[in-house]
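Asker: The following block contains the structure, expressed as structure tokens.
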Amino acid sequence: MRVCIIGTGYVGLVSGACLAELGHQVTCVDVNEKRVEAIQRRKIPFFEAGLDELLERHVDNRLNATTDLRSAVRRSEMSFIAVGTPFDGESIDVSYVRQAASEIGAVLAEIDEYHVVVVKSTVVPGTTDDVVKPILDAASGKRCGVDFGLCMNPEFLSEGSAVHDFLFPDRLVFGGIDERSTRVLERLYTPFPLSVPRLRTNTRTAEMIKYASNALLAALISFSNEIANLGAKIGGIDATEVMRGVHLSQYFREQVTDQLPGITTFLKAGCGFGGSCLPKDVKALIAHGRKAGASMQLLESVIRVNEQQPARTIELLRRHASTLEGLRVAILGLSFKPGTDDVRESPAFPIMKELLAQGARLKAFDPIANDEARKVFDDTRVTYCSDLTSAIADIDAVIVVTPWKEFQETPELLRDRQPAVVFVDGRRAFDRDCVPLYAGIGL
Ligand code: NAD
């Protein structure tokens, strides 16, 4: 099929490249000229494993990039809206979605062919029906559901494994305003095997599925952190073992293979969740609930617990250091998770901010996210290091924020240092006996 994708961020570009891989003819559109030029030169504007190979294979063939939305929509049967929906403190900002819808609508006015507009951005329930549809109707002078179609198709990919997640989806959710629109969207995904569960629903339910999915994952993380924090206060309890004990329940274990399902990776204590989705989506849902007259007390607590985790991480350091004034600390990991250079809402920043406020001297290292981190945390008091060895040279303490496998040898490198270096494991990614002065979340 001929598809156009508006927005070439993590979701738009990965979706575009993967749809090309599935055999579709894709045009990616962005207002950011640099981004478009980079894609045309087969360069990805961010780090995502496997994406470079797809660009190499498909750019100038089945995948093209342009800033010219009009021509892209005109030569497509479907237009996906995959622009950002940031949280502005009170609600999600759908101005980019509005803008994209308005521009697509203006092109719909010019074309005779039946066209389906698909909202792929994460938007609060009601946005597709109440915001996007009226804009498309007004800008096109046509009638949605008669002259053109409209769907909501949430995206569940995870940064760091986005290409794999898109090409091997766990589910496909098709929220359509009518049968005809939904059928067109389903056709796009026919290359996927029938074993992939497909859920047909209305647009509002599709929107809510995305929020409910992210809110549940965030709740599991904060739940684990709350249990870990209590365990640490009581003393003599290891949260990792507690969660292992929980996982062993028949509800969390495949009885046949004895394997733990993926959900258990969210039942783990740590220095807090970040990224461009979980914090934003949970806050947006809370704000949306407030407007709808339904307070979301559980989710409010999920955010509160999460926002306290950076301070809890620093408390671990304080157990071994009477003062942070002048303490030389290495922060290992700046991206919100391994496998990505996305630093949005990474707990590394509140941790660094607080350490600096208390007089610590900081070095920081991430295998790939140093440049992104510097853009949002450009403080002369932080020395960004280009490798692990220089990051952990001449330090009193280390805090592991992101469990990159590149940090695995850190305990080995620190083991014989005198005086011993305090090792704060913000992700419980290391053995508690790996160094003499180990302090892990929930221990
Ligand atoms: P992003 O901020 O990385 O990229 C958005 C892109 O849209 C930018 O390149 C921007 O220049 C472009 N853009 C904005 N307005 C435009 C317009 N009018 N025309 C053309 N281009 C325009 O965003 P993202 O992380 O890819 O997220 C996009 C949406 O997908 C969000 O709603 C997000 O919540 C959702 N989502 C994200 C992820 C994720 O892991 N990042 C996963 C699932 C869903």
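The values are calculated or read from the model by the stated rules, or taken from the named source; none is laboratory data. Bear in mind that the values here come from a model prediction, so they are computed numbers and not experimental data. FYI the Cβ positions are ideal-geometry reconstructions off the backbone, even for glycines, and counts take in every protein chain you see. Just so you know, the surface numbers come from the protein's heavy atoms only, side chains and all, with ligands and any DNA or RNA stripped out. Shrake-Rupley method; radii C 1.70, N 1.55, O 1.52, S 1.80 Å.
Asker: Just how far, in whole angstrom, is segment 69-127 from segment 293-325 if you go by their alpha carbon centroids?
Answerer: Segment 293-325 and segment 69-127 have Cα centres spaced 37 Å from each other.
Asker: Heavy-atom accessible area of LEU217 with all protein chains present, probe 1.4 Å, nearest 10 Å²?
Answerer: Result for LEU217: roughly 40 Å² accessible.
Asker: Still on this structure: Accessible area of ILE227, 1.4 Å probe, to the nearest 10 Å²?
Answerer: Around 60 Å² of this residue is reachable by solvent.
Asker: Just tell me, in residue order, which DSSP H segments of the chain are both 27 angstrom or longer along the helix axis (alpha-carbon based) and at least 0.5 in mean Kyte-Doolittle hydropathy. Show your work: numbers first, answer last.
Answerer: Values: long enough: 203-234 (47 Å, 0.47); 297-318 (32 Å, -0.30).
The qualifying helices: there are none.
Asker: I need to check one value: relative contact order of the chain, counting alpha carbon pairs closer than 8 Å and at least 6 residues apart, in percent.
Answerer: Reported relative contact order: 12 percent.
Asker: I'd like the accessible area for GLU113, computed on protein heavy atoms only with a 1.4 Å probe and all protein chains in place. Round to 10 Å², please.
Answerer: Looks like 80 Å² after rounding.
Asker: Further question: Taking the Cα centre of the chain as the origin and placing charges on Cβ (Lys, Arg +1; Asp, Glu -1), which of PRO419, THR203, ALA162 is farthest toward the positive end of the dipole?
Answerer: The residue sitting farthest along the positive end of the dipole is THR203.
Asker: Treat every Asp and Glu Cβ in segment 2-201 as -1 and every Lys and Arg Cβ as +1, leave all other atoms uncharged, and give the resulting dipole magnitude about the Cα centre to the nearest 20 debye. Walk me through the numbers on the way to the answer.
Answerer: On the way: 22 positive and 29 negative charges, 95 e Å.
Roughly 460 debye for segment 2-201.
Asker: Taking amide H positions as placed in the peptide plane 1.01 Å from N, state which residues far from SER79 in sequence (5 or more) or on other chains have amide H under 5 Å from it.
Answerer: Distant-sequence amide H within range of SER79: CYS4, VAL116, VAL117, VAL118.
Asker: Tell me whether segment 2-201 comes out rounded, prolate or oblate; compute the Cα gyration tensor, take square roots of the eigenvalues as a ≥ b ≥ c, and use a/c under 1.5 as the rounded threshold. Present the calculation step by step, with values, prior to reporting the outcome.
Answerer: On the way: a/c = 1.37, a/b = 1.24, b/c = 1.10.
It is rounded, given that a/c, with a ≥ b ≥ c, falls under 1.5.
Asker: For the pairs LYS268/LYS363; LYS142/LYS210; LYS210/LYS280; LYS34/LYS283, flag any whose C-alpha to C-alpha distance is greater than 23 Å.
Answerer: Listed pairs above 23 Å: LYS268/LYS363; LYS142/LYS210; LYS34/LYS283.
Asker: With springs connecting C-alpha atoms under 10 Å apart, model the chain as a Gaussian network and identify which of ASP341, ASP425, ASP147 has the largest mean-square fluctuation.
Answerer: ASP147
Asker: Right, next: Could you put ARG432, ARG417 in order of accessible surface area, largest first, with the 1.4 Å probe and the full protein assembly present?
Answerer: ARG432, ARG417
Asker: Please report the projected area of the chain's Cα convex hull averaged over all directions, in nm².
Answerer: The directionally averaged projection comes out at 22.4 nm².
Asker: Using a cut-off of 15 Å between beta-carbons, work out the net charge of the residues near GLN25 (Lys and Arg +1, Asp and Glu -1, GLN25 not included).
Answerer: +2
Asker: Using only the heavy atoms of the protein chains and a 1.4 Å probe, how would THR182, THR201 rank by accessible area, largest first?
Answerer: Numbers: THR182 10, THR201 35 Å².
Listed by decreasing accessible area, they come as THR201, THR182.
Asker: What is segment 78-195's relative contact order, in percent, from Cα pairs under 8 angstrom and six or more apart in sequence?
Answerer: 23 percent.
Asker: Compare CYS434, CYS277 by solvent-accessible area with a 1.4 Å probe and give them largest first, with all protein chains kept in place.
Answerer: Final ranking, largest accessible area leading: CYS277, CYS434.
Asker: While we're here: Given a 1.4 Å probe, how much area per residue of the chain is accessible, in Å²?
Answerer: 45
Asker: Shifting gears a bit: Can you pull the percent of segment 268-402's accessible area that's carbon plus sulfur, 1.4 Å probe, other chains left in place?
Answerer: 50
Asker: Sticking with this one: Please report how far the C-alpha centroid of segment 130-165 lies from that of segment 232-264, rounded to the nearest whole angstrom.
Answerer: 39
Asker: For a quick check: with amide H placed at 1.01 Å from N, whose amide H comes under 5 Å from ARG361's, ignoring anything fewer than 5 positions away on the same chain?
Answerer: Placed amide hydrogens put GLY326, LEU327, ARG328, VAL329 under 5 Å from ARG361.
Asker: Now a separate question. How much length would be gained if the chain were fully extended between GLU254 and TYR189, taking 0.36 nm per residue of separation minus their Cα-Cα distance, in nm to one decimal?
Answerer: Gain on stretching GLU254 to TYR189: 20.5 nm.
Asker: When the Cα atoms of segment 168-211 are enclosed in a convex hull and the volume is divided per residue, what value in Å³ results?
Answerer: Hull volume normalised by residue count: 65 Å³.
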